[in-house]
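A.B. asks: One structure coming up, written as structure tokens, with questions to follow.
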Amino acid sequence: MYIISKGLSLIIILVRIILDRIGAYESMKHTFTGRTYSGDEITWRSKSILSDLKIGFCEECGFFHAHPYPSEDFLSEYYQYYEIPCPLHSEERDRIARLLFKRVSPSSSIIDIGCGKGEMLSTLLAHGFKNLYGTEFGSMYDESKKLESINVLPYNIVDLCDWCEKENKSFECAILINVFEHVPEPINLMKMIKKILSPDGILMFIVPNDFSKLQAVYLEKTKMKPWFLILPDHVNFFSLDTIDKVMEKAGYEVLHKTVQYPLEFFLLQGDDYIAMPELGKICHHKRVEFERSFTTTDKTSDLEAIYDAFARVGIGRDMYIVARSV
Ligand SMILES: [Zn+2]
């Protein structure tokens, strides 16, 4: 779980605050088409309560998701006792900063929605970004609000929209790290974020790339169930093949798709960290070493070209999406 769970730390409180106001969203019609997953095909964390849920490809939304979505009450309770895994490691945060530099200037207003303790914002500050905001709640807000030169706000997404309207404030960039896979009706959340972006504002987010070619090969080879269908931790399952249309529905144009290292390479070459979780840490270190081979030899742009190419063929464990509000 180590290499799959990383990055979740920034989302926990955000999910709770979004769920607080989920009633503000219009509910969408959901129609599954093709193969659905249910019962023992799913890795459950709370099967006794959620056993009626199925996962399938929704024609309306354009991606795989759970249906019906777990209730607001259930998810709020679930995340209240959620143990926070390790945060994004520093190399990944540096990479996000480098990717942002290609799109926005150092003086651009940037907001990290669900900023946790502010690790990502601190990295952006160290890289020269100067106009930084975050949203957070509870004890993590108490910590992140102490950050110098960064404005952390104790608002959920609805209150943030209200605040922006009242202050006549907008952001040139919004960042969401591992959020959309956790939240019911994510297209509605994407639409709400548009309200706080300036014209042509940029949305950058990270979500897992599920139902990929490499995952399909592994499942066919091993006859295992899809290990990445973990309810209720993840309720949405996006892919590089479906994300463009999803963003179009939400009112965005995808500008750039890239990925994190395709961890499924390990699964297919004998380092089966799913069957043997103790290999997870070893695989993680190998992947980090792979990337450091490029960054320490001043070949970072070659690494990015390789990851862009992986994205074009639909492989990579998590995907980095940069989209423009249209
Ligand atoms: Zn749907």
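We did not get these values from a lab; they are worked out from the coordinates using the rules stated. Bear in mind the structure is a predicted one, so any value in this text is a computation, not a measurement. Counting neighbours? That spans all protein chains shown, and the Cβs are built from the backbone with ideal geometry, glycine included.
A.B. asks: Here is the link list: Lys29/Lys145; Lys102/Lys249; Lys221/Lys245. Which ones come out longer than 28 Å on Cα distance?
C.D. replies: On the way: Lys29/Lys145 39 Å; Lys102/Lys249 25 Å; Lys221/Lys245 30 Å.
Table pairs above 28 Å Cα-Cα are Lys29/Lys145; Lys221/Lys245.
A.B. asks: For segment 76-203, restrict the atom set to alpha-carbon positions and state the Rg and Dmax in Å.
C.D. replies: Taking only Cα atoms of segment 76-203, I get Rg and Dmax of 14.2, 40 Å.
A.B. asks: I've got another one for you. Tell me which aspartates and glutamates have Cα within less than 13 Å of Lys146's Cα, excluding those fewer than 8 residues away on the same chain?
C.D. replies: Cα-Cα hits under 13 Å: Glu119, Glu136.
A.B. asks: List every residue whose amide H lies under 5 Å from the amide H of Cys61, counting only residues 5 or more places away in sequence or on a different chain, with H placed 1.01 Å from N in the peptide plane.
C.D. replies: For Cys61, whose amide H was placed from the backbone, the distant partners under 5 Å are Thr31.
A.B. asks: Among the lysines, which have Cα under 19 Å from the Cα of Lys47 when same-chain residues fewer than 8 positions away are ignored?
C.D. replies: Output for Lys47: Lys225.
A.B. asks: Continuing with the same structure: Based on alpha-carbon atoms only, what is the radius of gyration of segment 2-325 relative to the globular estimate 2.2 N^0.38 Å?
C.D. replies: Details: Rg = 19.0 Å, N = 324, 2.2 N^0.38 = 19.8 Å.
After normalising by residue count via 2.2 N^0.38 Å, the value is 0.96.
A.B. asks: Pull up all non-local amide H partners of Ala174: gap of 5 or more, or a different chain, and H-to-H distance under 5 Å with H placed in the peptide plane.
C.D. replies: Ile111, Ile202, Leu203, Met204
A.B. asks: Continuing with this model, one more query. With a Förster radius of 22 Å, plug the Cβ-Cβ distance of Met28 and Lys225 into 1/(1 + (r/R0)^6) and report the FRET value to the nearest 0.05. Could you put the intermediate results ahead of the total?
C.D. replies: On the way: r = 28 Å, r/R0 = 1.25.
The value I calculate is 0.20.
A.B. asks: Near the amide H of Val179, under 5 Å away, which other amide H atoms are found, from residues 5 or more places off or on another chain, if H is placed in the peptide plane?
C.D. replies: Answer set, sorted by chain and number: Ile206.
A.B. asks: So what is the calculated 222 nm ellipticity per residue for the chain, using -39500 (n - 2.57) for each DSSP H run with n of 4 or more, over all residues, to the nearest 500 deg cm²/dmol? Could the numbers behind the result be given before it?
C.D. replies: Numbers: 14 runs with 125 residues, N = 326.
One gets -11000 deg cm²/dmol as the mean residue ellipticity at 222 nm.
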